[in-house]
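**Q** Here it is, the structure in full.
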Amino acid sequence: MENNVIIGPAALPALADYLRRPGISRVFVLVDDNTRTHCLPRLQPHLPADYCLIEMSAGEEYKTLNSCELVWTCLTEEQADRHAVLVNLGGGVVTDLGGFAAALYKRGIDFIQVPTTLLAQVDASVGGKTGVDFRGFKNQLGVFQQPTGVYIDPVFLQTLDPRQLKAGYAEVLKHWLIADAAAFDHNRRLGWLTDNWEPIIRESVALKQRIVADDPLEAGPRKLLNFGHTVGHALESYLLTQPGREVLHGEAVAVGLICESWLSVQHGLLDASELGRIETFVLSVFEKVSFVSLEAEIIAGFAAQDKKNAGGIINCTLLQSIGQGVYNQPVTLAELTESLRYYHRL
């Protein structure tokens, strides 16, 4: 588990100090179309003068091996050795893909995460999960590889539109639902907007670090962090196949939070009144995602490839109560289909 997660205004100066270390042969910076324009100017003063820029296209549809090949080609053409460092400047697509590309290049070079979205700052950049989508399935290829450091400056959140910012809030909400009932109750009264994200980022990162430290390779308790993601990934993957209907990762997870809370009630774990509180809060923040009832079975089918599955059984993370998740709960495709139909009827 990485200990060097630095959060706040000191993050980028600390990164500059790290990159001046004599053992680093070359610094590469991975950006996408958006972060090159909006975020690189904020990072550039903290980079060495001779850094090399690698640019990929923005969007989940580019989280592929083709984009990795672009990164590997640049590293190869620039003769990057095993003492090079790759700095990933972006949201979850850039940090996931950049970490994966670095982990495979010459059997592994160091990489650093500089997350620029709320989702990446509270979740995707921390914990050492890297990967890309494959054949339409989310994060189908990947490795566990810890970054050398994570440097989180909330100033980058000023570059986000409200939709992107809100999408990251779904992961914050997930953390509260699996492990912090008091924070859920406190914040559902305040609403989701705030002028100061730093305390929320610190709390979410600390919670995730505690869980990951106990189970870095997701053999057990780390699966709690997948709450909302069995349905969420299935919905996100399906809508990626429907041009014009794509949703952001956090928007799909928000649907999953409701569906998997409903499943928790059906399994006799969660009280129906708590489901009501979860529904009310999620729907007060997120607009409903549209699909027709007939699509529910097709969407659920994408969960057959979920990474938590074992022996053909779909293993889901559910809630025993708000603030207490429970993992390895078997659910059927029929139950997942019904959960989506329940959401559709809300």
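The values are calculated or read from the model by the stated rules, or taken from the named source; none is laboratory data. Since we're looking at a predicted model, the values are computed, not measured. Counting neighbours? That spans all protein chains shown, and the Cβs are built from the backbone with ideal geometry, glycine included.
**Q** Can you tell me which condition residue 302 does not meet? The list is (1) loosely packed, with under 13 Cβ neighbours inside 10 Å; (2) touching a helix residue (DSSP H, G or I) at 6+ places or on another chain (Cβ under 8 Å), and all the others hold.
**A** That leaves (1) as the condition not met.
**Q** So which strands (runs of 3 or more DSSP E) stay within the stretch 106-182 end to end and still have 2 or more residues that are surrounded by fewer than 24 Cβ atoms within 10 Å (Cβ to Cβ)?
**A** 132-134, 137-141
**Q** Of everything in the stretch 41-61, what is in a helix (DSSP H, G or I) and buried (at least 17 other Cβ atoms within 10 Å of the Cβ)? Give them in sequence order.
**A** 42, 43, 46, 60
**Q** Also: Would you check which residues across the stretch 316-336 are more than 17 Å from residue 179 (Cα to Cα) and not polar (S, T, N, Q) and list them?
**A** Hits for the stretch 316-336 are 330, 331, 333, 334, 335, 336.
**Q** Moving on to the next point. Which condition number does residue 136 fail, the rest of (1) under 24 Å from residue 302 (Cβ atoms); (2) modelled with pLDDT of 95 or more being met?
**A** If we test residue 136 against (1) under 24 Å from residue 302 (Cβ atoms); (2) modelled with pLDDT of 95 or more, just (2) comes out false.
**Q** May I pose another question? (1) surrounded by 16 or more Cβ atoms within 10 Å (Cβ to Cβ); (2) over 26 Å from residue 162 (Cβ atoms); (3) not aliphatic (A, V, I, L, M): which one isn't true of residue 268, the others all being true?
**A** Going through (1) surrounded by 16 or more Cβ atoms within 10 Å (Cβ to Cβ); (2) over 26 Å from residue 162 (Cβ atoms); (3) not aliphatic (A, V, I, L, M) one by one, residue 268 breaks only (1).
**Q** With crowded, with 19+ Cβ neighbours inside 10 Å, among the hydrophobic types (A, V, I, L, M, F, W, C) and more than 22 Å from residue 136 (Cα to Cα) as the only criterion, which of 318, 283 stands out?
**A** 318
**Q** Against the definition (buried (at least 18 other Cβ atoms within 10 Å of the Cβ) and in contact (Cβ under 8 Å) with a residue 60 or more places away in the chain), how does residue 89 come out, yes or no?
**A** yes
**Q** Another question about this same structure. So residue 189 passes all but one of these: (1) at pLDDT 95 or above; (2) part of a helix (DSSP H, G or I). Which condition number does it fail?
**A** Among (1) at pLDDT 95 or above; (2) part of a helix (DSSP H, G or I), residue 189 violates only (1).
**Q** Across the stretch 279-297, what is the number of residues that are of a type in the set (D, E, K, R) and either not in a helix (DSSP H, G or I) or not assigned by TED's automatic domain parsing to the domain that holds residue 244 (or both)?
**A** 2
**Q** Right, another one. Answer with yes or no whether residue 274 is acidic (Asp, Glu) and out of contact with any Lys or Arg (no Cβ under 8 Å at 6 or more places or on another chain).
**A** So residue 274 passes the test.
**Q** Here's a follow-up. What are the residues in the stretch 183-221 that are crowded, with 22+ Cβ neighbours inside 10 Å and either hydroxyl-bearing (Ser, Thr, Tyr) or without any contact (Cβ under 8 Å) to a residue 12 or more places away in the chain (or both), if any?
**A** 204
**Q** Could you grab me the full set of residues in the stretch 298-346 that are aliphatic (A, V, I, L, M), touching a residue at least 40 places away in the same chain (Cβ under 8 Å) and in a strand (DSSP E or B)?
**A** Selection gives 314, 318, 319, 326, 331.
**Q** Would the stretch 62-75 turn up any residue that is at positive phi, surrounded by 15 or more Cβ atoms within 10 Å (Cβ to Cβ) and either modelled with pLDDT under 95 or in a loop (DSSP other than H, G, I, E, B) (or both)?
**A** First pass over the stretch 62-75, keeping only residues at positive phi: none.
No, there is no match, as no residue in the stretch 62-75 is at positive phi, surrounded by 15 or more Cβ atoms within 10 Å (Cβ to Cβ) and either modelled with pLDDT under 95 or in a loop (DSSP other than H, G, I, E, B) (or both).
**Q** Residue check, residue 25 against (1) within 21 Å of the chain's Cα centre (by Cα); (2) of a type in the set (S, T, N, Q); (3) assigned to a loop (DSSP other than H, G, I, E, B), all met but one. Which one?
**A** Evaluating residue 25 over (1) within 21 Å of the chain's Cα centre (by Cα); (2) of a type in the set (S, T, N, Q); (3) assigned to a loop (DSSP other than H, G, I, E, B) leaves (1) as the failure.
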